[in-house]
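Read through the structure below, which is laid out as structure tokens, and then see the notes.
Please treat every number below as a calculation from the coordinates, not as lab data. All values derive from a computational prediction rather than experimental measurement. Cβ: placed from backbone, ideal geometry, glycine included. Neighbour counts: every protein chain shown.
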Amino acid sequence: MSLRRYLLKSEVLLREADLDLYNNCFNKAISAYWSSIEALLRAFLLAIKKSPPERAGKLISLVSKELKKIDPYADHIVASINQVYIHRRNIEHRSKLADPRLAKYIAELSRMIINHMRKIISALISETNSAIWH
């Protein structure tokens, strides 16, 4: 999938997550917030010309390694990404069910991650475009 397609996918999934949260579908919302973040992580790797791995653990690990090279807030962002991932995994694969408080917390954390990653990806795309023309 292309960088642009992952960016679009992230936007669509974020809108769907917000709708799920609004409609009190807390488990679905948490899954959708993670999926939106995951699409952005893949877009980030494509923006730096790296191939995104299939499995989430490897994806997070590679993003962490690469993000630390360019972002002073990488440790905080990666810790937040891990938090959302763990909650999503517990909702989908364990006996845990989401309550409104957890879903709202994940929504806020996800928006922070998404906004931060969008800025980084935009800067990377701008650098690439200006390098082509100079």
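A few comments on the model shown:
- Sparsely packed loop sites in region 36-116 (the chymotrypsin sites (Phe, Trp or Tyr not before Pro) outside DSSP H, G, I, E and B with at most 15 other Cβ atoms within 10 Å) comprise Y73.
- Ranked list, fewest to most other Cβ atoms within 10 Å of each Cβ, for I48, I37, I106: I48, I106, I37
- Each stretch of four or more DSSP H residues adds -39500 (n - 2.57); spread over every residue of the chain, this sum gives -29000 deg cm²/dmol at 222 nm.
- Exposure proxy ranking, count of Cβ atoms within 10 Å, fewest first, for H93, H76, H116: H93, H76, H116
- Modelled spin-label separation between A79 and E11, with each label point placed 7 Å from Cα along the Cα-to-Cβ direction: 3.2 nm.
- Where the alpha-carbon atoms of the chain are placed on the principal axes, they occupy 52, 25, 25 Å, in descending order.
- Fewest-first sequence of V63, V84, V12 by Cβ atoms within 10 Å of each Cβ: V12, V84, V63
- When each of K9/K65; K69/K96; K68/K104; K50/K119; K49/K69 is checked by Cα-Cα distance, pairs over 26 Å: K69/K96; K68/K104
- With θ taken as phi - 60° and the Karplus curve 6.51 cos²θ - 1.76 cosθ + 1.60 applied, the whole-hertz 3J(HN,Hα) list for region 2-15 is 7, 3, 4, 5, 5, 5, 5, 4, 4, 4, 4, 5, 5, 4 Hz, x standing for glycine and proline.
- As a length-normalised measure over Cα pairs under 8 Å and 6 or more apart, the relative contact order of region 1-48 settles at 51 percent.
- Compared with the dominant principal axis of the Cα atoms in the chain, helix 100-133 is inclined by about 10°.
- Once each of the trypsin sites (Lys or Arg not before Pro) sitting in a DSSP loop with at most 16 other beta-carbon atoms within 10 Å is removed, the chain keeps 1-48 as its longest stretch.
- Relative contact order of the chain, defined on C-alpha pairs under 8 angstrom at six or more residues apart (%): 30
- Phi angles of region 68-85 translate, via the Karplus equation with coefficients 6.51, -1.76, 1.60 and θ = phi - 60°, into HN-Hα couplings of 5, 6, 10, 10, x, 9, 4, 4, 5, 5, 5, 4, 5, 4, 4, 4, 4, 4 Hz per residue; Gly and Pro are given as x.
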